[in-house]
Amino acid sequence: MNGRIFAAIFVPIALVAVFLIIVFVVRSRLGISDDYHLDVAVEQLDGEPNLEEYENCVSLLQMDKLKNSNGVRDCDAKAQVLSLNELHAIFPTRQYQELENASDSCVICQEKFNRWNNVCQLACSHVFHTRCIDHWTCENSACCPLCRRSYFMPQDHQSKTKYIQAVLGPTYSQLSSAKKANSWLELYPDLTRDAEARLGSFNSSFWKIVRKLCFVSDESITSVTIINSAHRRYNLINKVENIKLEHMRNELRQAQPTI
Ligand SMILES: [Zn+2]
Ligand SMILES: [Zn+2]
């Protein structure tokens with residue numbers, strides 16, 4: 001008797017549990033589990049980025065459309081002026097007493113340095129008060145005021161990812177899948193093809209039944225495929241742009257002989 005009650009209670013529970021596990025596994029297999037996040041491992045990010053694919057992604061990216069879309073600021077507007085964040089990242093502020101063989105006054109404000117002044121030494125070896133060179137780079141140009149060496153850093157590499165972020169937002173895991181997929185499709189219309197191909201591979205009558213049982217719609221498979229591919233492209237572009245930026249920063253850091 002006890003055994004029957006036990007069976008009557010636990011067998012249905014076990015069956016429901018097994019069913020839920022199967023649903024979870026199948027949904028994961030289709031890319032739609034409940035704990036699905038966009039921060040999935042991006043296979044392309046291991047090792048060197050694939051440059052050919054990168055060029056392809058960039059050419060597929062509809063920059064003109066993005067530039068004209070509402071609310072997106074023109075990132076090239078102040079390209080001639082090095083941003084302060086960039087300046088401080090490349091040439092960090094130091095105290096005057098830490099420097100050797102530095103001139104004894106700041107050519108911008110004409111004042112003599114004291115030992116505790118916050119100063120900035122550019123790669124050309126010229127030294128200025130941090131506040132003075134900040135003013136100079138913001139209001140004049142990304143050139144040394146003394147020797148005119150250019151510290152201009154082209155910003156167009158950054159602007160691609162900036163535009164993407166301006167349109168889609170810097171975080172991708174907050175929006176709903178369908179909404180995200182649509183915004184990616186505006187940038188990469190060709191992803192529809194990938195999504196249709198993936199959907200095609202789950203179109204047999206077996207998969208149709210399984211999908212029904214697991215509450216997976218055609219739309220969710222399409223959305224997830226689009227988001228996955230787009231996210232991978234985004235990461236690839238980001239990684240290559242970061243490498244390029246670091247390369248440019250290093251070029252600016254390199255000392256040139258002062259004339
Ligand atoms: Zn000064
Ligand atoms: Zn200089």
key: Length-normalised contact order of region 84-153 in % [C-alpha pairs under 8 Å, at least 6 apart]   = 27
query = Quick one: length gained pulling PHE206 to HIS135 fully straight, 0.36 nm per residue minus the C-alpha distance?
reply = 18.7 nm
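What translational diffusion coefficient, in µm²/s and rounded to a whole number, does the Stokes-Einstein relation yield for region 185-259 at 10 °C and a viscosity of 1.306 mPa s, taking the hydrodynamic radius as the Kirkwood radius over Cα pairs?
102
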remark   = Proxy exposure order for THR93, THR137, THR130 (fewest C-beta within 10 Å first) is THR93, THR130, THR137
key: Prolate/oblate/rounded call for region 84-153, Cα gyration tensor, a/c under 1.5 rounded   = prolate
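Using the structure shown, list the pairs from LYS160/LYS239; LYS180/LYS208; LYS179/LYS244 with a Cα-Cα distance above 21 Å, or answer none.
Values: LYS160/LYS239 12 Å; LYS180/LYS208 25 Å; LYS179/LYS244 31 Å.
LYS180/LYS208; LYS179/LYS244, as the Cα separations exceed 21 Å there.
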task = Pop a pseudo-label 7 angstrom from the Cα along the beta-carbon direction at both GLU48 and LYS244 and give the gap in nm to one decimal.
result = 1.7
remark   = Exposure proxy check on TRP136, TRP184: fewest-to-most Cβ neighbours within 10 Å is TRP136, TRP184
message = Could you list ARG149, ARG249, ARG193 so that the one with the fewest beta carbons within 10 Å of its beta carbon is first and the one with the most is last?
response = ARG193, ARG249, ARG149
query = Between VAL107 and ASP194, what is the label-to-label distance in nm when each label sits 7 Å out along the Cα-to-Cβ direction?
reply = 5.1
task = Can you tell me how much longer the chain between GLU98 and PHE24 gets when fully stretched, taken as 0.36 nm per residue apart minus their C-alpha distance, in nm with one decimal?
result = 20.6 nm
request  = Determine the shape class of region 85-242: with a ≥ b ≥ c the square roots of the Cα gyration tensor eigenvalues, call it rounded for a/c under 1.5, and otherwise prolate if a/b is greater than b/c, oblate otherwise.
outcome  = prolate
remark   = With +1 at each Lys and Arg Cβ and -1 at each Asp and Glu Cβ, the charge dipole magnitude of region 84-153 around its Cα centre, to the nearest 20 debye, comes out at 80
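FYI, it's all coordinate maths here, none of it is from the lab. As the structure is a prediction and not an experimental result, all values here were calculated from the model. Every residue, glycine as well, gets a Cβ built from its backbone with ideal geometry; the counts of neighbours run over all protein chains shown.
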